[in-house]
Amino acid sequence: MLVTLYPVFFLIAVLALTLWYFQQSRGKNVLFVQLLLLAALIGWAASLYLSAGAFQVKLPLFIRDMVMMAGVPYAMQMFAKNKIAFAFILAALLGIYYGFGWDIWEESLRTAAVREETRAANNDNTFELLTEIKNGKQAADLQAIADKYDLIVETAFTLANGANTDLDDYVAVDIPAHNLSRKQEIIDALNRSGLTDWTEENETVNLDDPVSNLKKLPAVNKKFGVNDPDLGKQWAMEKLGADKLYKLLADNKIRPQRKARIFILDTGVDATHEDLADRYLSHKKKYDTDKQGHGTHCAGIASAVTHNNKGIASLSPDNDFTQITSIKVLSDFGSGTQRGIINGILEAADNGADVISMSLGGRSNDSKQRAYKQAVAYAQKAGAVVIVAAGNGAANAKNFAPAGAPGVICVSAVDTLLRKANFSNSTQDVKMGIAAPGTLIHSTFPDNKYVAFNGTSMATPYVAGLAGILKSLQPDLTTKEIYKILKESGTDTANTELTGKFIQPAAAVKMLVK
């Protein structure tokens, strides 16, 4: 808003100054023009001062505007008697003003303003770098570097137990628009300072669930013994053998030790959805809506209410095994940053998560994924299993984050014929790769709707839902133990070496309770 008002106030000031000069030359003194000029000057100065942006950007703007204002009276003296010449010169000066240099400086201010608005609207904000401060050093020690490059430095992560991780030593670094081209120089300066252990980019994440060319669903076996009307649209339940799981639990009277909490880190979840509400536990109200829909879709796959005569079924046969909790780490447009996602992991771990399901990610330039690794380790120490999407780039999951982060269970997607989905990343080079259905997955959507999506985003909550059931039966299971069960009980796909084993819920539970 301020960027928009700034040139308006300046133009009014120039015009008011013009009127004031003509009045003075004619011996007139109109109070209205004087007040208009004063108000315009105050508005111009205030809008420039309050606009987001660095001092280095604003100073040339201030000097240019002052020169322009001083030049107007001079032009008046030379051309006051020739109105046509005066009008031409004034138009030329304004043209130079707006045509030469204005675009550059306006873009600098506008970019800074957009960044500030984004920070205000999103918890994960737009800081470009994540830097780990050396033990014994403080963020304040970076002030000299911050001053040189006009950086904003603040604590990166919020967590309850700093003794369990080095993440409390991380700061987030914001680079202003006019210095973004010097990002590598800034990273080098931080790394050479002797004050830091590590610097990595705060990489951005955008949802990218592909459209599949598969149009016909295979027939679904009707022997599940549940009354969910959309079960016929859930081909995955047949391939997963959900009926065998339900029968195993019922025949052996297997009951959970406690209800496992599956945290969906995504775009939020529609807490009022008819097929989720009875299994939804609110953590914070701001996470209980979902304008984008992705998080709600994933929540239904993980733990929609089964046998309620509504919508779809999930692997959990009743409400005693698992429940859904949401943490919003992606915007309503499906975008987020590494910092925001890591803060979501920490928040889930600090609030009793048994399973953290993340159907998100993107290609990464960071082969070590050090901050993600530390966040996953923190969650594991708190008793949570972190399950993430392999990604939809038809590439190697090791080059995607957080799919390639050590400690996560990484989920690839297969189609109705148990072939690796054409979009799915492969998991041969990650330590804990596993496969689940990921094409034409019918699930919940905001406002009591149901839709079908494709993606490793859809495969991930199937694994999270099964992991939740296992954790409900044996709450102390570790990530490695759960992965061992999933792998040994799983079956081959058409491309097992690329996808990992395909999960089999009944066989997994049987291994646990035999």
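Read-outs throughout are calculated quantities, based only on the coordinates presented, and are distinct from any laboratory measurement. All values reported here derive from a predicted model rather than from experimental measurement. Cβ placement follows ideal geometry from the backbone for every residue including glycine, while neighbour counts extend to all protein chains displayed.
Karplus-derived 3J(HN,Hα) values for the range 388-396, using 6.51 cos²θ - 1.76 cosθ + 1.60 with θ = phi - 60°, are 10, 6, 5, x, 10, x, 6, 9, 8 Hz; glycine and proline are entered as x.
For the range 295-454, evaluate the Debye formula with one uniform point scatterer on each Cα (no solvent term) and list log10 I(q)/I(0) at q = 0.10, 0.13, 0.14, 0.18 Å⁻¹, rounded to two decimals. Log-scaled intensity ratios, in q order: -0.36, -0.63, -0.73, -1.21. Each Lys or Arg adds one and each Asp or Glu takes one away; over the other residues whose Cβ falls under 12 Å from the Cβ of Phe321, this sums to +3. The gain in end-to-end length when the Val451 to Glu201 segment is fully stretched comes to 86.5 nm, 0.36 nm per residue minus the alpha carbon separation.
Expressed in nm to one decimal, what extension gain is obtained for the pair Phe32 and Phe62 from 0.36 nm per residue of sequence separation less their Cα-Cα distance?
Going from the current span to full extension adds 8.2 nm.
Here the simple spin-label model places points 7 Å from the Cα toward Cβ, and for Ser367 and Asp278 these points are separated by 5.2 nm. The amide H of Asn495, built 1.01 Å from its N in the peptide plane, has Lys420 as neighbours under 5 Å, considering only residues 5 or more places off or on other chains. Once a ≥ b ≥ c are taken as the square roots of the eigenvalues of the Cα gyration tensor of the range 236-513, is the result rounded (a/c under 1.5), prolate (a/b larger than b/c) or oblate (a/b not larger than b/c)? It is rounded, given that a/c, with a ≥ b ≥ c, falls under 1.5. Counted by Cβ distance under 9 Å from Pro446, the other residues give a net charge of -1, where Lys and Arg count +1 and Asp and Glu count -1. Near Leu129, once Lys and Arg are set to +1 and Asp and Glu to -1 for all other residues with Cβ below 11 Å from its Cβ, the sum equals -4. Taking a ≥ b ≥ c as the square roots of the eigenvalues of the alpha-carbon gyration tensor, the range 364-465 is classed oblate because a/c is 1.5 or more while a/b is no larger than b/c.
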